[in-house]
Structure formats: structure tokens, C-alpha cells
Amino acid sequence: MRITVMQRRKAIRAAVIVVSVTLVGGGLAACAPAGSDAGGSVTINVLAEDISYTDNWKGLLPEFEKKTGIKVNIETVPYSDQAAKILLNFSQKSSNYDVVFTDNTYGTGYYQSKYVQNLAPFEDGAKDLNTFDQFYAPYLAPMQADGATFGLPVYGESTWLMYRTDLFEQYGIDGPPTTMNELAEDAKIIYEGSGGSVAGITLRGAPGIQSVYPWAGFLRAFGGDFYADGKLAVDSAESVKATQFWADLLTNYGPDGVGNFDWEQNRIAFTQGSAAMTIDATANGPFNEDTSSSVVAGKVGYAAIPYAIPNPPASGNTDNSLNVHALYLSSFSNHKEAAYKFMAWATSEAVQANAVENTEAVGVTSQSVIKSDAYAQKYGPFQDSVLQQLATGNVNYLPAGQDANAIITEVGQALSRTLAREASAKDALTAAQRTLKTQLG
Amino acid sequence: MKTRRPVLHILRIAGVYAFVMWCILPLAWLVSTSLKSDVDAFSRVPIWFFAPEFGSYVNAWVDGGMGQAMIASATVAIVSSLLGIFAGLPLAYLTTQVWPAEAPGSARFTLGILLLTTVPPVLSLTPFYRTFFGVGLTGNPVGLTIIHTFYAILLAVLIFRSFLVSFPREIREAAMIDGLGEWGALLRTILPNVWGATFATFVLALIQSWNEFLYALLLTSGDSQTVPVTIAGFLSFFGTNWARLTAAGVIGALPIVIFAILVRKHMARGLSFGGVK
Amino acid sequence: MSAPATHQVTVKPDEREIAPPSRSPRGRRPRDILSRASLALPAAIIIVPLLVIIVVQGLQLVTHGENLLRPGSADRFVGFDNVLRAFSDPTLFGSIRVTLIYVFVGVGIEMVLGVAVALALHGRVPGKGILRALILIPMVLTPVVAGLMWRLLLDPTSGFINWFLDTVGIGGHAFLADPATALGTVILVEVWQNTPFVVIIVLAGLESLDPSPFEAAQVDGATGLRLLRHITLPLLVPVLSIVILLRVIDAVKTFAIINTMTKGGPGTSTLAISNYVYRIGFETFDIGYATTVGVLVSLAVLVILFPTTTRLMGLRVRKVRG
């Protein structure tokens, strides 16, 4: 009897061990790191935005992998959480990601923190694929500092004013506004003339980078900046004036719900014909002209963003952005040469030409692709305006570097509070300035 | 309770149906959006009749990596739920059968477990990430499985405890006298009586793990990315493909919805940690 | 004794005498202790290290001014600066207010609506089985998907809800963009997702009630509301307490719905605590301060919930050992 009990006990113990080993083993087997050296070849990991340019790479990757023997894993995460993921990796000196794809506001900060590499030493190693001088120079500039080049541009954009030519004609407005006062007047005419059914203007109003990005154009149109004499001054007189103007404009003539508009909703409001004007990225052009999703195709005019101060400022503080999303090489990568090869290839002329041909790619950065016939044919209605805006684009449009996120988040919150009438422009911005002082020291 | 007045009876049934409509109509809309083209989906006036397009589903499954994500989610969810039961059941047994449930220590212990569930994930995210990163448990499903197991254990202890509190202790004592030992007593006398609870725990732990977003976002990558992270990944700064996003939402929710419906008989008791029988 | 169905073992007196002393229930021999400890071992292997990680790393983060964007900032010891900063942070107090409203209003509506629906479902309803299955769906839906779905439905330009309100003549409204309605709308989604939880548990509670008090009351002529007030609800109290407690614990941690619907805006009108902590930690990367806020709030929640929980769960911890 005792023996049976002992045996039973042993059997149970054995069963427990078998079960646990299976479970743990199953877990471990499933965890074999994605793409660990398969057959001795190098694997690189890329953290990317989920965007047409990335889809384009995915389609062409087999060619690259065959040619170079480098295996590439592309991973996408929500744009809004991407920076969190990148920074947690970088701050642990992680080699998880060899290449990250993000915009220059973040990228410059990563470079200052020495999280990403100067690429100059690698340029020659992949010169058969790509070289720095093949890029349209204004697009490369935001990733250059002190003789270093720390990112290769994938797509870029500026901002501009988009307006409905048919509505302007209908209400007898002669051409796009050239001053901020005219802009407000035109918005009023159309809003009141249509009995409120068409908004005078729509802008992104959602907190954070969403509203700050177009708003920074207003800030600069009023002659303001995020800094004064090298010190943070988000509560400057110009900033308060610009914010008040921006909030009044949206409150009086904006569409319903503008306070929650992100890029997408703003774009939809405009392409669905609910607003007469919008100020946003040049990347919106193709969406406006896409007859399958836009009811305003062929009825949109493109112009420079007006100024409130006598324009244009000689200081170079222009009110249109120059924003570039680029590939950055992690300083902690164990396969820097291979990673750079991928970066050079992904931004090469051939790959970019394929993007223009097959996907949505108005922001391509290769000089020869931008000037190609294929590009002109596809983006004819606004190609000239895009190039003009890019030429005057303000490289310092948004704060960049280590403090950028904090500034954008706080100012974005102040804008949202002003628009929501939680606080006056002055109070909201003063509070933001105070918080930023505590936070950034 | 029978209502004698027919008007009240009809009102009552109408109320129930109205509530069920309120629950499922938004989901019907989600499914219909996933079958529309982008133009139709964003039309100001809803389009009631349209030719369904299944392209978004194919797109989400193949290009969007939903297939891969489902495998990753299923692996993490199943392993963590099983481990949660394996670790939670003996602990619940220890605090109800070995130590009497009426003892102050046992109550305090249960309270402690319950309160552990109140700690918000945003707090423990960074500590976990850093430590796990240091020992190579990020970027693969292992780290995430460990954390989900942690939550599964808490769930399992609370559910099993509620079942075992009223389980007569004499049975265990008899088994001990038979020389089965604690594990033997647990597996041979207790387990056969709590299959229902085990099943409920498994399903609830599975749902909890399947839906979890924050830890999954930071601890997994590439092939190990789970369903919610992959779905949210379709939200990009420019040009979110809504049909694909909604299609992915439907695909991702489907297995868990089916599972929940299949086992709904055990849900109430499990969900209330045995608060109702 | 080798019968397979050992759970039916009965104790025979003679065996008790034969059994060696170590098998007695009061046994405190090392082997017994060891075998009991082994019961806690699997859980301890996972739980203890994770708790240690939270405490050790948490302490490190709370006392240092770390910012992810600044290499080296992890070594900057700041003592209690982060804690002091929290006590003078108006946004934090705002987010505590938002969370309290969210929890009280949200869970309040869920309880009232849930109990009403459960009472209505208790009894004869055509198609009851299917209805009970359908009700489950919102509850198990991934919160990320639920939030996105409602955001699209509520979109002021192309969302279905505003079209519907316009059509029936009430007039649409940008619910999520107006600070007066944004929090209410987010709470509505919380209610949509979690009322089924209340319904399912309360319904199961109703079905397990002892019928005799009802029969007695009906004999006495009590019907309708009086029956509900004097018999049904008092009998349901234990179930209702558990439901409230579990809903409160969950609602305090709310993150995904708000994150996908409003990100805390407009202004700070829907910025709940978890969303605020996420904003500090993972948008401005001020990770030391974010952790401090998280720790303080968790402690506050524990202090508030501890006594309530003890009472609600019937887990009275006796102060004096009897």
C-alpha cells in the first residue's frame, strides 16, 4: 500500500515536471529571437512608421536581401507610441533595433543624446546604392549638424494653405488671403455666407503635436518663436497673440469638433467639402486630388501661408515647416555596415521611383525623382507649390532636440485648453512656460 | 418573477431588447465599415447598401501581419493562462485547505492578492521593461508571458479560493492520512471537483492576456507582437487605412468573442471571483 | 486504498492509529513544512521577483530625476523632489478629479442600468439564451478596438451618430471635442463596455437566490417595487458589493479607452491618472516623475480601498487573534 502511494506520488511529481517543462519549453521555443542568424547571414531590425513608404520597402525587400545577403525585419508600432519604444531601447543601450524611422524633431534629440550615429563614415561603404548628394538638399539639411549627417530622409514636407477655389469664386473673394487679417475675413465671409454649413477654415485642434504643428505657422506668422534670446519663451507676447487669433478663428469659423481633430479628421473635413480652407502639410495634396475619396478634387488652390507681420521676414523665420522623416542608425547596433546598406538602399533613387509609381509618395527625397516626369505627371496640380514651400521651409519650425517633446506636449496642452475655453491664451501659455521651467530646469 | 400586467411585461421585454441592441449595434457598424471602401466609409450620409469588399481582411491578415500576431497572442495567452492555473491552484489550496480560510492570515493574504490587481500597469511598466531587457526577455514572447502569468496567478488564486473556501477540509485530511501528500491530495481530491472553476479561470485569463496592450507594446516586437499592438500599429500619422484597421479589429476580436460565448455558463462565477454560485 | 477515486476517501479510525505521527494534521515536521511550502513555490517564483523588481526599480526611479532623452540623468539623485513636485502639480489634481468623476459616474450608471437589465432579464424573455450571449460581446472586446470604434462612430464629420442626430432633428454635436461633453462621452463608452459585466453577475446572483422568501412575501401580498425593495435587493447585497468593488478597481486603472478616444483632451478635461502618467513618462520621457505620480496614486488608492474591500468581500481581518 505504501509503495502504491509512493509510486503515485512519484507519478504525479513526474507529471508535474513534464507539464512544466513542456510549458516552459514551449514558451522558449516560441521565443527564439525573430530572425536570429539564419544560416550565418546578418539580420537587421528596423522600427518603422506604418506608411506607404514602408509598404513600398516591404514589397522590394526580397531583391535587397538577395543582392546583399542581409536579412531585414521591419516592425511597425503605433506612431504615437513609437518614440516611447525607441527611447526605452536606446536608454538601455539596446541593440534590438539597428535602424529607426522617425521624424527629425525626435531624431535631432536622439543625435544630441548620442543614441544615433553620424553616417559619414559609412557613406563610402554603400556608394553603389546611394550617396548624400543624391538627396534634395533641403530635405537632408535637418539631419546635418557640425559637419555630421545623422539621418537619411525618406519623406519630407512643408506646410501650406489649401483653399477651395470654387467657394472663393462663389463668394466673390479674389484669390487666396495674403495676410492673416484677410484670412480671418475670408473665413468669416464663407462661414456666414453659407449660413454656417461650410466652415471658414479647419485646422488640427487635438492636443499635442497635432495642433502644435500647424499652430507653429501662426506663431511665426505673428513674428514669434519658441525661444527668445536662446531661452525658452512659449508665453511671449507674439505667442499669446498668435494663440488667441488661432483659437478665435477656430471657435468662430471652424467646424464642429475641431478641438479633437488630428491630421486624419482635418483632412477628411476638408476633402469632404466641410471647410473652405485649411493649413496643413503638403502631403495633403494627393488626398485632395484623389477623386475616389475627395469631393473637392480639382477645386483646390494651393498658396503660401499668410503673415500677420509684414512679410516675409528677413530673419528666415518663415511660417511654413520643413519636416523630414528619416532613417537613423542606432549607436548600439551590432551590424552598422549592414544597417547602413539597408538605409542607403531604402532611400535610393530606384526605390523612391518605385514608390512614386506604385504608392502615395509626394514627399520623396531623391533629387532626380522629384524632378522626374513621373513625379510631375502624378503631382502636376501642385508640384510647383510644393517645391516653392520646400525652398522657403523653416528648418527650425518646431523645437528639435532633447527638450522638443516636453515643449510640444506642454504647448499642445495649452492650445487645447485655450481652444476649449478652460483658460485664456495668456494663462494657458504662462502655465505651460512655468511647467516647462520646472521640468527642463 | 411573473408580471401579471401584460403592459409591464411587454415594456420589460422591450427594455431588454433595447439594451441588447445598444450593446451590439456599434459592433454591427464596425463590421460593416470593415467591408466598405474608404470613400463609402467616410461618406457623411451612411451608405446602407454596398458590395462587400473582403480585400481589407486579406490585407490585414497578410500584409498587416494579423496572422502572425494571432499566433503570438495565442501562444502568450495559452501558456500564461495554463501557468497561472498551475501556480494559482496550489496557492489557493494552501490558504483555504491547509490553513483554514477563517484564519486572519488567510484573509489578509487574499486581500493582498486582490490589492495587487489594483496597481496600474503604467507604474510597473518601466521597472519590468528595464529588468527584462537586462536579461534578454524583451523582443520575444517570454517576458510578456511572465507578466501575463503574474496577472493570471492573481486571477486564479481569487477564483479558486472562492471555490475552495466552502470545500470541506475533512476530505483533504483523509487524503493526508492516506499518505497522498499535499500535492497528491490537491490533484486527486480537489482538482476533480473544481474543473468548472479551472475552465472559467482559463478563459478569463486568456481574455485578459489577449486584450492587454501596454506591456505587450513595449515587451514584444516583430514576430512576437500581439494582436492589440498590431491593430493599434495601423494607426499612423498620415493616412490610416480605416477599412484595414476595422477589419483587423474584427479579426482580432473574433476568437475571443467565440470563446467567451462558448463558455458563458462559467463566466459569471469566475468573473465575480465566486461571488455568485 | 488503491481505488482511483480517492476524493471519496473516508477516514477509518484504525488507519488513523496506524498512521505515523508525521501524518497527523497538526504535524510540524520539516518535511510537512517543506511540502506545504512547495504549494506556494510556483506562484512565488513568478510573483516575488516581479514585486522585488517593482519595489527596487520603483524606488530608484522615484528618487532620481531620470529623463530618457538625457543619458546620465538616471544617476541624478533628487531625494524627495519628485514627491514635492507632485504635491504642487495642478494637472495631477485635475486628473485625480477626472478619475474620480469617471469612477463614480461610470460605475454608478453601470450598477443602476446593469441591475435594471438583470431584473428584466430574470424571468421569461423570448430568445434569452442568445441575448445572454450577445451581451457578453462588448465586455470581451479589446479596449483598443472599442475606443477606436466609438471614436469613428462619434466623428463629427463622417460619424454615424452625428448623422443620426442631425436626421432626427436633434442636431449633431462634436461630443469628444467639447470639454463640456467629452468626459461624459468617454464615460458612456465605459458604460457601454462594462454594463454587461454587471448584468451577467447580477443575473447569476438572482438565479441563485433562495426562492422561499419570495414565496412568503407573495403570500403576504407584496408585489412589484415593494418586493424588489424589501426582498430582492437586500438579498443581492453581497453580490452587488463584489460587483461594485471589482468595477471600481478596474475603472480606477482606465487607460485604453481614453487613450484611443481623446488622449486626455480637449484641454485636460478627460485626462485620467493613468493617461497623465503615460503622458509624462512616455511622451515627455520624464520617467522619474511619472513613476512618482504612479506610486503616490497607487498608494492613495490602496489606502482608500483597503477598508472598503475588507468589508465588501467579507474578509474581515480580526485585529486580535481569538
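Assorted remarks:
- Residue check for B:Gly196: touching a strand residue (DSSP E or B) at 6+ places or on another chain (Cβ under 7 Å), modelled with pLDDT under 85 and not polar (S, T, N, Q): no
- Test: A:Val369 is more than 30 Å from A:Asn260 (Cβ to Cβ), touching a residue at least 12 places away in the same chain (Cβ under 8 Å) and in contact with a Phe, Trp or Tyr (Cβ under 7 Å, 6 or more places away or on another chain): yes
- Here is the figure for the stretch B:193-222: residues that are open to solvent by less than 10 Å² (accessible area, probe 1.4 Å) and among the charged types (D, E, K, R) total 0.
- All conditions in (1) more than 21 Å from A:Ala391 (Cα to Cα); (2) among the charged types (D, E, K, R); (3) open to solvent by less than 10 Å² (accessible area, probe 1.4 Å) hold for A:Asp280, with the sole exception of (1).
- Here is the figure for the stretch A:234-274: residues that are among the polar types (S, T, N, Q) and over 24 Å from A:Arg434 (Cα atoms) total 8.
- Listed by first and then second residue, the pairs with beta-carbon distance under 6 Å, at least 6 apart or on different chains, first residue in the stretch A:298-310 and in a loop (DSSP other than H, G, I, E, B), second surrounded by 17 or more Cβ atoms within 10 Å (Cβ to Cβ) and of a type in the set (Phe, Trp, Tyr), are A:Ala308/A:Phe222.
- Residue within the stretch A:401-413 that is aliphatic (A, V, I, L, M), touching a residue at least 60 places away in the same chain (Cβ under 8 Å) and assigned by TED's automatic domain parsing to the domain that holds A:Gly107 present: no
- Taking the stretch A:328-441 as the region of interest, the helices (runs of 4 or more DSSP H) fully inside it that hold 2 or more residues being open to solvent by 30 Å² or more (accessible area, probe 1.4 Å) and under 30 Å from C:Arg76 (Cβ atoms) are A:425-440.
- Near pairs, Cβ below 6 angstrom, 6+ apart or cross-chain, from the stretch A:70-87 (among the aliphatic types (A, V, I, L, M)) to any residue that is open to solvent by 10 Å² or more (accessible area, probe 1.4 Å) and not in a helix (DSSP H, G or I): A:Ile70/A:Val42
Results for (1) open to solvent by 10 Å² or more (accessible area, probe 1.4 Å); (2) more than 15 Å from B:Leu91 (Cβ to Cβ); (3) assigned by TED's automatic domain parsing to the domain that holds B:Tyr93, shown as yes or no for each residue.
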site	(1), (2), (3)
B:Gly105	yes, no, yes
B:Gly139	yes, yes, yes
B:Thr149	no, no, yes
B:Val157	no, no, yes
B:Ser162	yes, no, yes
B:Val165	yes, no, yes
B:Pro168	yes, yes, yes
B:Leu180	no, yes, yes
B:Leu191	yes, no, yes
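- Unmet requirement for C:Pro266, which otherwise passes all of (1) more than 9 Å from chain B (Cβ to nearest Cβ); (2) at pLDDT below 85; (3) under 30 Å from A:Gln413 (Cβ atoms); (4) surrounded by fewer than 23 Cβ atoms within 10 Å (Cβ to Cβ): (4)
- Of the set (1) under 21 Å from the mean Cα position of the chain (by Cα); (2) within 13 Å of chain B (Cβ to nearest Cβ), all apply to C:Gly108 but (2).
- When the stretch C:86-105 is filtered for residues that are open to solvent by 50 Å² or more (accessible area, probe 1.4 Å) and either among the β-branched types (Val, Ile, Thr) or more than 14 Å from C:Val297 (Cα to Cα) (or both), the ones remaining, listed by number, are C:Ser88, C:Pro90, C:Ile96, C:Ile101, C:Phe104, C:Val105.
- Taken together, the criteria place A:Ala269 among residues that are farther than 20 Å from A:Ala406 by Cβ and surrounded by 24 or more Cβ atoms within 10 Å (Cβ to Cβ).
- Pick from the stretch C:208-226, criterion touching a Leu at 6+ places or on another chain (Cβ under 9 Å) and among the aliphatic types (A, V, I, L, M), ranking: least open to solvent (accessible area, probe 1.4 Å): C:Ala217
- Qualifying residues in the stretch B:64-78 (those that are aliphatic (A, V, I, L, M) and more than 13 Å from the chain's Cα centre (by Cα)) - the one surrounded by the fewest Cβ atoms within 10 Å (Cβ to Cβ): B:Ile71
- Considering residues of the stretch B:120-136 that are surrounded by 18 or more Cβ atoms within 10 Å (Cβ to Cβ) and of a type in the set (A, V, I, L, M) only, the residue farthest from C:Val277 (Cα to Cα): B:Leu125
- The set of residues in the stretch B:90-103 being open to solvent by 10 Å² or more (accessible area, probe 1.4 Å), touching a residue at least 24 places away in the same chain (Cβ under 8 Å) and more than 7 Å from chain C (Cβ to nearest Cβ) consists of B:Pro100, B:Ala101.
- Test: residue in the stretch C:227-240 that is open to solvent by less than 20 Å² (accessible area, probe 1.4 Å), more than 9 Å from every other protein chain (Cβ to nearest Cβ), under 25 Å from B:Gly249 (Cβ atoms) and part of a helix (DSSP H, G or I): no
- Residue in the stretch A:239-251 that is within 11 Å of chain C (Cβ to nearest Cβ), assigned to a loop (DSSP other than H, G, I, E, B) and either under 23 Å from A:Ala414 (Cβ atoms) or in contact (Cβ under 8 Å) with a residue 60 or more places away in the chain (or both) present: no
Per-residue answers, yes or no, for (1) in the same structural domain as A:Gly259 (by TED's automatic domain parsing); (2) touching a strand residue (DSSP E or B) at 6+ places or on another chain (Cβ under 9 Å); (3) under 20 Å from A:Asp319 (Cα atoms); (4) hydroxyl-bearing (Ser, Thr, Tyr):
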| site | (1), (2), (3), (4) |
| --- | --- |
| A:Thr178 | yes, yes, yes, yes |
| A:Glu182 | yes, no, yes, no |
| A:Gly196 | yes, no, no, no |
| A:Gly200 | yes, yes, no, no |
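- Selection within the stretch C:241-254 - free of Cβ contacts under 8 Å to residues at least 60 places away in the same chain and either within 20 Å of A:Ala420 (Cβ to Cβ) or open to solvent by less than 20 Å² (accessible area, probe 1.4 Å) (or both): C:Ile249
The values are calculated or read from the model by the stated rules, or taken from the named source; none is laboratory data. The shown structure was predicted, so the numbers you read here are calculated from the model rather than taken from an experiment. Virtual Cβ from ideal backbone geometry, glycine too; neighbours counted across all protein chains shown. Accessible surface is based on the protein model in full, side chains and every heavy atom, while ligands, DNA and RNA are left aside. Shrake-Rupley method; radii C 1.70, N 1.55, O 1.52, S 1.80 Å.
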